[in-house]
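Quick notes on the structure that follows.
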Amino acid sequence: MKNKALRGVVFGILGAAAYGLNPLFAVPLMNLNFTVDSMVFYRYFFAVILLGCLMLAKRQSFKLQRDEIIPVIAVGLLMALASLFLYGSYEYMDVGLASILLFAYPVIVALIMAIFFKERLSMLTIGAISLVVLGIALLNNSGQKSLNPLGLLIILLASMSYALYIVGVRQTAAHAVPSLKLTFYGLSAGLVMFLIKGMLNHGIQPLTTPLEYGNAIGSAIFPTIIALSLTNLAITHIGSTNTSIVGALEPLTGLFVGVVVFNEIITVQNMVGVILIILAVTSVVASQYIIAWCQAHLLYRHRHH
């Protein structure tokens, strides 16, 4: 029990790092003129197949309890909507700015938990969220397009959808569903939505080369299966608010990929942003360690007195 919080933080950090690998696979497909509908469809399609095979190999049941069906589908659609709104915002603003604005979601999660679920916001949590917001802002580079009001509305809808997904996993019957099964059915719901949307637009482009297949499958494994499965585990271990704060490591992974793979330049401003985010996440990690130690110490004293 005393290690549960620490495991949750580790799950959250690894999940955030995996999700931040999105550009590594998405940018090559965008350069090959794949549409957003096609990219997200294949991302979810291969993820559902691979997760299904993994569940079969582990002999894990596909059965959902009656009270789990609607919550699981709902959180899956919320995740899909977050992806849809995020990609939709790219038509109105730079990709980097959109990705940064998406990370308003820790604030939204904290507000939802405080207002609707009466979760007490400690000064440490408020401070960590403030550092995350400031750090994400500093990761933004100059020279962005002027902020389009419609683009701002769309990216805020993406942030709201992702925040509701995180809260939904914790606060509904979905929290009792094993992580792999939850991710499988959540992605399946999103897959159906993207298939319908793609067919109503211009159809789904076929994959033809090993490079296209490699990037599509890579996007299904790392920023989808691994990221969502670990994030779901983190939510059940440390709650929605802490998971959303730890999730601020996601754009750091994207920044690292941009510098190492795509030869982007990192500025002093970017480095200050990185340091602030690391401080915020470190404070969450430290608080979880302190809480776990205190619980273990109190339990020990109770048993020996």
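Specify the residue that is modelled with the highest pLDDT; the eligible residues are those in the range 103-128 that are buried (at least 22 other Cβ atoms within 10 Å of the Cβ), under 16 Å from the mean Cα position of the chain (by Cα) and in a helix (DSSP H, G or I).
If we take residues in the range 103-128 being buried (at least 22 other Cβ atoms within 10 Å of the Cβ), under 16 Å from the mean Cα position of the chain (by Cα) and in a helix (DSSP H, G or I), then VAL109 is modelled with the highest pLDDT.
Do any residues in the range 100-115 that are over 16 Å from LEU86 (Cβ atoms) and touching a residue at least 12 places away in the same chain (Cβ under 8 Å) have Cβ atoms under 7 Å from those of residues that are surrounded by fewer than 21 Cβ atoms within 10 Å (Cβ to Cβ) and of a type in the set (A, V, I, L, M), where the two are at least six apart or on different chains, and which pairs are they?
Filtered contacts from the range 100-115: VAL107/VAL133; ALA110/LEU121.
ILE129: farther than 25 Å from LYS197 by Cβ, among the hydrophobic types (A, V, I, L, M, F, W, C) and touching a residue at least 40 places away in the same chain (Cβ under 8 Å), yes or no?
yes
Checking the conditions here, which among ILE221, ILE266 is modelled with pLDDT of 80 or more, open to solvent by 10 Å² or more (accessible area, probe 1.4 Å) and either of a type outside the set (Ser, Thr, Tyr) or outside any helix (DSSP H, G or I) (or both)?
From the options ILE221, ILE266, the qualifying one is ILE221.
Quick one: in the range 134-152, of everything that is open to solvent by less than 70 Å² (accessible area, probe 1.4 Å) and not in a loop (DSSP other than H, G, I, E, B), which residue is modelled with the lowest pLDDT?
Here the residue is LEU139.
Mind listing whichever residues of the range 34-64 are open to solvent by 60 Å² or more (accessible area, probe 1.4 Å), closer than 27 Å to PRO206 by Cα and over 20 Å from the mean Cα position of the chain (by Cα)?
Of everything in the range 34-64, those that are open to solvent by 60 Å² or more (accessible area, probe 1.4 Å), closer than 27 Å to PRO206 by Cα and over 20 Å from the mean Cα position of the chain (by Cα) turn out to be ILE49, CYS53, LEU54.
Restricted to the range 65-102, and to residues that are modelled with pLDDT under 80 and of a type in the set (D, E, K, R), which residue is least open to solvent (accessible area, probe 1.4 Å)?
ASP94
Return the residue satisfying two criteria in turn: it lies in the range 1-27 and is hydrophobic (A, V, I, L, M, F, W, C) and in a loop (DSSP other than H, G, I, E, B), and of such residues it is most open to solvent (accessible area, probe 1.4 Å).
MET1
Given the options GLY190, GLY203, GLY198, name the one that is open to solvent by less than 50 Å² (accessible area, probe 1.4 Å), out of contact with any Gly (no Cβ under 6 Å at 6 or more places or on another chain) and part of a helix (DSSP H, G or I).
Among GLY190, GLY203, GLY198, only GLY198 is open to solvent by less than 50 Å² (accessible area, probe 1.4 Å), out of contact with any Gly (no Cβ under 6 Å at 6 or more places or on another chain) and part of a helix (DSSP H, G or I).
The values are calculated or read from the model by the stated rules, or taken from the named source; none is laboratory data. As the structure is a computational prediction, the values presented were derived from the model and not from experiment. When we count neighbours, we look across all protein chains shown, and the Cβ atoms used for this are built from the backbone with ideal geometry, even at glycine. Just the protein is used for accessible areas: all its heavy atoms, side chains included, with ligands, DNA and RNA removed. Shrake-Rupley method; radii C 1.70, N 1.55, O 1.52, S 1.80 Å.
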